[in-house]
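Shown next, in structure tokens, is the structure this report addresses.
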Amino acid sequence: MYEAPDRYKRMISARLPDGESAAFSASMAADGESSPLRDAQLIARAELAPFFSAANVVASAMMVAALLGHAPIAWLVGWAGAVTAANFVAMQIARTHAITHVGRTGRRVPDSMLVGDIALRALLWLSLPVYLFQWLPVGQQVIAASIIAGLGIAALGLVVVLPCVVAWMASFTAGLCIALLIGRNSVPFEHMLSILFTIGVAIFGVLAVARWAFNQMKTNADVGSQSESASLLLQEYEQRGVGWLWQVDPENRVTYISSRMTALLGRPANQLLGHSLPSLLGGHAELGRKLLEKQAFNALEMELETTHGPRWISIAGDPIVDTAGRFEGFRGVGSDVTEIRQTQERLTHLANVDVLSGLPNRGRVRQLLGDALRGATVSNVPCAILFLDLDGFKPVNDTFGHPKGDAVLRGVAKRLVDQVANDGHVGRMGGDEFAVVVTDAQSRTSVEHLAQKIIEAIKQPYLIEGTEIRIGVSIGCAFGPIDGATVDDLILKADLALYQAKDAGRGVARYFSSELQSEQEDRVRMETDLRGALAAKQFHLVFQPLINARTQKLIGFEALLRWNHPKRGLVPPNVFIPAAEEIGLMGAIGQWVIEEACKAAASWPENISVALNVSPKQILMPALPNIVSEALARHRVQGNRIELEVTEGVFLGDNGLTLDVLKRLRSLGVGIALDDFGTGYSSIGYLNKAIFHKLKIDGSFVREAGTRPENVAIIQSIVQLAKSFRMSVTAEGVETPEDFERMRDLGCDTIQGYLFGRPLAYERANQMVLGLSNMRAAG
């Protein structure tokens, strides 16, 4: 393979016009620009020009010797001189082209000029031998033809320019054929065949070499261009401050390092070259191991002490292996990633910290708990998680606004940090929920003491912009890995304990136990059973009589919901109704109760009414009036025969929506009774809304009225209040004749209690109604 000298290769690879590959240079023959391939051709042509010219001159001298005595000496000398002069001039022109017509400023040498030069020299050389061939003796003809055939092989000096090879070989083949045609009768056949064989081999051999040489030069030009492009990119990589380059020998000694790295290390290049790279970079063990493995590595980060302070760098390297497979060191790139790491650390901090409180957020709390759990498993020292939920915080936001609510949350965070101190980590889970991870919970007493300290600290008043705000906190705690071996499990157990703390009256701490787990599992099973109870027709209504206080006659029933579970038996309403409300089933159950109550009322005389309870969540349903209206219409029941009982708790939420629903119900003619009056959120403010037609006195007042005079005074006040608002009064829980007489004398209109009947199944209640009707008919 032909390869141009280094000084020419640098010129070849120095340019790649418009970024194009030299592989396309063959398609550029028509334009006036040079190309890397054409540069290589001109340079190689100049290098081979002396060989080609010498071959021409030596061959002409051999021809002169063969023709001497058979042609005028002047002709021979003149012809040989002309050949020599022509080849000398052409050689000089080729060398000039290799200098003036290559590179970025070089102008392309047309193919016609190159081919024309070869054609003219071929014609000049062939002119005399072919002309004299017919007068030569047989011996001289064979010698002349052999020299012509041999000189055809001189086209090897032209292999870098394929058209020139074709022109030369075509000219000498034609000249030889003409000469042999002239001497066909004199030149022996075997000599003629030998000469033709020679020229034939020359033709195919030289053309094959020419194609091979052309492809090699094109490949070299492409590689040279790509290498130059890579070199320029690497220079730009360094100059633009993107990174720096390095190279080491097989002993890991630095053989090249960029100026940017020398500036970072604060030492000149001559103090770095020849020294071990790992030692220059602070003796980094991981880097030394990577270099010893002789495998490529990437993004190896390390901290470096520099004159500008600690910096973080990232380096990557690839092993250098020669063509024989010998390891010759490493080369690679590096960059200063200090700013990137600082940004990542800031982002990580933001991702793990609650912005409002500055405490670890939910995700970070889970990480801290995971770390504590792993430590507890290894050391056999339990950890703990305390879940905190603020009591009474929602009204703070609703009353004072979110800015003050946020200030309270920040105050809570500060108090928690002060109380926990070094005993654990405080985090905010979101909203008004916080958590404390205790890494050393070996002493349960210490954890309980910490929880109590937190409760006492949180309930102290908060002075926010002159406003005193008071809240509390409930705490649920679980110990790991005793109560749970995973983060999720432990959080679930602490959440169960917190639920129990809320249920226990708030402002207390509760700790997970197996009994609590059983209760929760039982609750989950009950909720699951509740979802299918309606479809399975497990609910039914019972009816407790309502008696007129003056006449002691039956005037209606209160419909009460019962759940007859196939395994649990009768489940108390105070157990399953809160669960139904929590899982969102109360709407569907309440609609069923309304339907069944209207159905029962439709089967009884018009003087018998039916009262039924409505939960606070049902009252907030805008569709409730439509549900009642449709049930009344479906069973053809007058609205005044249905009475809906609500508790005072309905006014703790959205009073506007509650009043709207109650007024729409009242417009249907339905009665609205206020149940358990005097036991809860008692206020006469909502009595003046013209929506209630009855007050029901709670049974606890009635039963204790015989022993507590103050209860009698309370009942008197309730009756007087009701009368002033033109409401009737029902006394619940009447169990003895004395209770009945007392309530009647105090002015109650309706009596309800075990004295006149326990809650009855529909069939028994129906018999009671029929018995009343029969008595009236008999009377």
Original post:
Cβ-Cβ below 7 Å, separation at least six or inter-chain, first residue in segment 700-720 and within 15 Å of Glu741 (Cβ to Cβ), second surrounded by fewer than 13 Cβ atoms within 10 Å (Cβ to Cβ): which pairs?
Top reply: Gly706/Glu738
Subject >> Set Ala71, Ala80: member being surrounded by 15 or more Cβ atoms within 10 Å (Cβ to Cβ) and in contact (Cβ under 8 Å) with a residue 40 or more places away in the chain >> reply: Ala71
Original post:
With (1) modelled with pLDDT of 75 or more; (2) surrounded by fewer than 16 Cβ atoms within 10 Å (Cβ to Cβ); (3) closer than 30 Å to Arg45 by Cβ as the list, and Val206 as the residue in question, which single condition is left unmet?
Top reply: (2)
Original post:
Mind checking which residues of segment 296-308 are in contact with a strand residue (DSSP E or B) (Cβ under 8 Å, 6 or more places away or on another chain) and exposed (fewer than 11 other Cβ atoms within 10 Å of the Cβ)?
Top reply: Ala299
Original post:
Among the residues of segment 131-181 satisfying the criterion of being out of contact with any helix residue (DSSP H, G or I) (no Cβ under 8 Å at 6 or more places or on another chain) and over 18 Å from Ser60 (Cβ atoms), which is most open to solvent (accessible area, probe 1.4 Å)?
Top reply: Trp135
Original post:
Within segment 519-540, is there a residue that is under 30 Å from Asp749 (Cα atoms), surrounded by 15 or more Cβ atoms within 10 Å (Cβ to Cβ), hydrophobic (A, V, I, L, M, F, W, C) and more than 48 Å from the chain's Cα centre (by Cα)?
Top reply: no
Original post:
What is the number of the single condition among (1) within 24 Å of Leu463 (Cβ to Cβ); (2) surrounded by fewer than 16 Cβ atoms within 10 Å (Cβ to Cβ) that Gly430 does not meet?
Top reply: (1)
**OP:** Being within 21 Å of Lys694 (Cα to Cα) and either in a helix (DSSP H, G or I) or modelled with pLDDT of 95 or more (or both) is the filter here, so list the residues in segment 735-747 that pass it.
**Re:** Asp739, Phe740, Glu741, Arg742, Met743, Arg744, Asp745, Leu746
**OP:** Report yes if Arg364 is under 25 Å from Phe512 (Cβ atoms), of a type in the set (Lys, Arg) and open to solvent by 20 Å² or more (accessible area, probe 1.4 Å), otherwise no.
**Re:** yes
Subject >> helices (runs of 4 or more DSSP H) contained entirely in segment 550-621, each with at least 3 residues that are open to solvent by 40 Å² or more (accessible area, probe 1.4 Å) and touching a residue at least 40 places away in the same chain (Cβ under 8 Å) >> reply: 586-602
Subject >> Residues located in segment 724-740, provided they are open to solvent by 10 Å² or more (accessible area, probe 1.4 Å) and either touching an Asp or Glu at 6+ places or on another chain (Cβ under 7 Å) or farther than 19 Å from Ile555 by Cβ (or both) >> reply: Ser724, Phe725, Ser728, Glu732, Glu735, Thr736, Pro737, Glu738
Subject >> Odd one out for Glu645 among (1) among the charged types (D, E, K, R); (2) surrounded by 15 or more Cβ atoms within 10 Å (Cβ to Cβ); (3) not in a strand (DSSP E or B) >> reply: (3)
Original post:
Which one is modelled with the lowest pLDDT among residues in segment 393-410 that are open to solvent by less than 20 Å² (accessible area, probe 1.4 Å) and in a helix (DSSP H, G or I)?
Top reply: Val396
Subject >> Single condition Arg267 does not satisfy, out of (1) outside any loop (DSSP other than H, G, I, E, B); (2) free of Cβ contacts under 8 Å to residues at least 60 places away in the same chain; (3) among the basic types (Lys, Arg) >> reply: (1)
**OP:** Give the number of residues within segment 476-507 that are assigned to a helix (DSSP H, G or I), open to solvent by 50 Å² or more (accessible area, probe 1.4 Å) and either over 23 Å from Leu390 (Cα atoms) or touching a Ser or Thr at 6+ places or on another chain (Cβ under 7 Å) (or both).
**Re:** 0
Original post:
Regarding Ser146, is this residue in a helix (DSSP H, G or I), more than 28 Å from Ala98 (Cα to Cα) and modelled with pLDDT of 85 or more?
Top reply: yes
**OP:** Report the residue count in segment 268-293 for those that are surrounded by 13 or more Cβ atoms within 10 Å (Cβ to Cβ) and basic (Lys, Arg).
**Re:** 1
**OP:** Considering (1) in contact with a strand residue (DSSP E or B) (Cβ under 7 Å, 6 or more places away or on another chain); (2) open to solvent by 40 Å² or more (accessible area, probe 1.4 Å), say which one Ala384 fails and leave the rest.
**Re:** (2)
Subject >> Lone qualifier among Asp371, Asp336, Asp322, Asp354 - being open to solvent by less than 60 Å² (accessible area, probe 1.4 Å), over 30 Å from Ser258 (Cα atoms) and of a type in the set (D, E, K, R) >> reply: Asp354
Original post:
Quick check: anything in segment 560-572 basic (Lys, Arg) and touching a strand residue (DSSP E or B) at 6+ places or on another chain (Cβ under 9 Å)?
Top reply: yes
**OP:** Name, by its number, the condition in (1) crowded, with 17+ Cβ neighbours inside 10 Å; (2) charged (D, E, K, R); (3) modelled with pLDDT under 85 that does not hold for Arg107.
**Re:** (1)
**OP:** Being modelled with pLDDT under 65 and open to solvent by 70 Å² or more (accessible area, probe 1.4 Å) is the filter here, so list the residues in segment 752-779 that pass it.
**Re:** Asn774, Met775, Arg776, Ala777, Ala778, Gly779
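The values are calculated or read from the model by the stated rules, or taken from the named source; none is laboratory data. These figures come from a predicted structure and were not determined experimentally. Because the Cβ atoms are built from the backbone with ideal geometry, glycine has one as well, and the counts that use them run over all protein chains shown. Just so you know, the surface numbers come from the protein's heavy atoms only, side chains and all, with ligands and any DNA or RNA stripped out. Shrake-Rupley method; radii C 1.70, N 1.55, O 1.52, S 1.80 Å.
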